[in-house]
Amino acid sequence: MPKESKNKNNLFQSPKGMRDFLGEKFYEKQGFYTRAESIAGYYGFSGIETPIVEHAEVFTKGVGEHTDIVEKEMYDLHTRGGDHLVMRPEGTAGVMRSYIEHGMSSLPQPIMLYYGGPFFRHDKPQKGRYRQLYQFGLEIIGSQKPEYDVLIIQTGFRILKETGRNIVVKINSLGDSETRKNYLKKLINYYQKHENEISKKDRGRLSTNPLRVLDSKEPETKEVNKNAPTCLETLNTSSKAHFDMVIKGLSEAGINYEIDHTLVRGLDYYSHTVFEFIVYDENGQPSHALGGGGRYDGLARAMGYNKDIPAVGLGIGVDRTIESAKKKVFIPQNKQHPDFYFIQTGEELNNASFHLREILYQNNAKVVFAPQKGSIGQGLGIAENLKIPFVLILGKDEAQDKTITLRNMNNREQQTLTFDEFDNYLKLMKKNPA
Ligand code: AMP
């Protein structure tokens, strides 16, 4: 018997930080993915789906042990078979695992992929922060060219512009590994001189993940950070050329960007370009990040692969993007408004009704099926409320004669048709939609 949860939980409440998508919310999310996939398709990406769980090392080695999402927020699973799996906290490492597993490096490079779905972080739930969050990701694997950094940012920017909001790209460069080594030295040196001025929490981070001190939210550290050495001034020649090319590309593509020296992103695997998409509020003030990403040339090796695989990617927060969108931009095309409300008045009519449902389906007609205990009038009232244009009535008489009564809810006209006549009627309707 599996052990029960140690917390007293209400069975009829979804787990903390996780939620149901009902009604419009379901369709908005679907609409976002439909639109995002279509835009990614225009820019040359194709889809991939990887498992929701991966071996723990995919993230501990790839993302880095001293990052929040690995150190504190991973959902661990020790399976009955003895495997240590985790529920994916982010998408990049799993896609890289898949690229290596399937030998995608032997295909023409780079490989450009998009994906979407749920991710899991055992974070403190609050407004806009969920434990089951949804992301839409893009990865370009197999090229170190800065043109692909631009392409990733451009595609993400176009997807986020669908919200109708002002989006600005914050951008920085962490350079290549040589630059990063030099920069870390400078940075640690600087912080050691100001050790007593930064917060206690950040002092702890100095030995494990000093870059994180740079994007600290602690007020005293923020003050010290104002004069911290910047990575951009430490870039070696090739890293600087890479960054300059990206910035130039963004200008050419008409993308609003701002250089932010404190932007490092939380994860260990980034190199060169790092960026975040910031949404501005109604008052023209920067509000919060809708997504972010960067180049991760060192990820494959960090995961234990024997070669470097250059790559760049991004993750868009779907929950926050939908919440930030101006009303109803993501209702999908395929939300189905029914054409018919089908009232059936008794169980003995089931066979006729099964037959009719197939006629409707074969003709692409969308139907709400309503076996009726109450009066037909009640059914008509519901159809009217739901704004369904036609009602089908299958009563005892109709079933006996193999007919169906069709009522037009606009002019209230009714006609009785045989099943064949109804089939023809639907075919005509399909050819000449109203
Ligand atoms: P990250 O993978 O941390 O860079 O996150 C990319 C984007 O996902 C962020 O900019 C947020 O919009 C979104 N995001 C990250 N964590 C959460 C969360 N716990 N709940 C909802 N959205 C999140």
Check: Full extension from D420 to D123: what is 0.36 nm times the residue separation minus their Cα-Cα distance, to one decimal in nm?
Finding: 101.0 nm
Notebook entry, point to check: What span do the alpha-carbon atoms of segment 245-326 cover on each of the three principal axes, reported in whole Å from largest to smallest?
Noted result: 50, 30, 22
Item checked: Inverse of mean 1/r across different Cα pairs in the chain, Kirkwood, Å -> 25.4
Next item on the list: In nm, give the distance between the simple-model label positions of N10 and K226, each being 7 Å from the Cα along the Cα-to-Cβ direction.
Entry: 4.7
Notebook entry, point to check: When only Cα pairs under 8 Å and 6 or more residues apart are kept, what is the percent relative contact order across segment 337-431?
Noted result: 31
Margin query: Calculate the FRET efficiency for E347 and L107 from the Cβ-Cβ distance with a Förster distance of 60 Å, rounded to the nearest 0.05.
Written below: 0.55
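Given 0.36 nm per residue, what is the gain on full extension from Y190 to Y280 after removing their alpha carbon distance, in nm?
29.1 nm
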Note to self: If I take every Cα pair under 8 Å that is 6 or more residues apart in the chain, average their sequence separation and divide by the length, what percent do I get for the relative contact order?
What the structure shows: 16
Notebook entry, point to check: Once the Cβ-Cβ distance between Q400 and Q336 is put in as r, and R0 is 35 Å, what FRET efficiency do you end up with, to the nearest 0.05?
Noted result: 0.65
Checklist line | R0 of 22 Å, Cβ-Cβ distance M429-F354: FRET efficiency to nearest 0.05 | finding: 0.55
Note to self: To the nearest 20 Debye, how big is the dipole of segment 187-231 about its Cα centre, given +1 on the beta carbon of each Lys and Arg and -1 on that of each Asp and Glu?
What the structure shows: 120
Checklist line | Cβ charges +1 (Lys, Arg) and -1 (Asp, Glu), total dipole of the chain, debye | finding: 800
Margin query: Going by average Cβ density within 10 Å per residue, which order do the peptides 292-298, 264-270, 183-189, 7-13 take, highest to lowest?
Written below: 292-298, 264-270, 183-189, 7-13
Margin query: If the reach is capped at under 14 angstrom between alpha carbons, list the aspartates and glutamates near K127, excluding any in the same chain fewer than eight residues apart.
Written below: D319, E323
Checklist line | Compactness of segment 123-277 - radius of gyration and Dmax, Cα, Å | finding: 16.8, 46
Check: Which of N227, N209, N196 sits closest to the plus end of the dipole of segment 187-231, meaning its Cα is farthest towards the positive end, when Lys and Arg get +1 and Asp and Glu get -1 on the C-beta?
Finding: N209
Margin query: For segment 187-231, what does the relative contact order come out to in percent, with C-alpha contacts under 8 Å and a separation of six or more?
Written below: 44
Note to self: Please list, in order, the residues from segment 163-207 whose amide nitrogen is less than 15 Å from a point placed 7 Å along the Cα→Cβ vector of K240.
What the structure shows: 173-176, 179-180, 183
Note to self: If Rh is defined by the Kirkwood formula over all Cα pairs and Rg also comes from Cα, what ratio Rg/Rh do you get for segment 187-231?
What the structure shows: 0.88
Note to self: What lysines does K307 reach when the alpha-carbon gap must be under 23 Å and sequence neighbours fewer than 8 apart in one chain are set aside?
What the structure shows: K61, K145, K181
Check: Fully extended, how many nm does the chain gain between K307 and I52 (0.36 nm per residue separation, minus their Cα-Cα distance)?
Finding: 89.2 nm
Check: What aspartates and glutamates could a cross-link reach from K387, if we take a straight Cα to Cα line under 12 Å and drop same-chain neighbours fewer than 8 places away?
Finding: D339
Check: With charges set only on the Cβ (+1 for Lys and Arg, -1 for Asp and Glu), what does the dipole of segment 284-422 come to about its Cα centre, in debye to the nearest 20?
Finding: 840
Next item on the list: Any of K328/K430; K72/K326; K161/K328; K16/K72; K186/K217 with alpha carbons more than 23 Å apart? Name them for me.
Entry: K328/K430; K72/K326
Notebook entry, point to check: In the chain, with Lys and Arg counted as +1 and Asp and Glu as -1 at Cβ, which of these residues, Y134, V264, F59, has the Cα nearest the positive end of the dipole, that is, farthest along it?
Noted result: V264
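We did not get these values from a lab; they are worked out from the coordinates using the rules stated. Owing to the predicted nature of the structure, the values given are computational and were not obtained by experimental measurement. Every residue, glycine among them, receives a Cβ derived from its backbone with ideal geometry; neighbour counts consider all protein chains shown.
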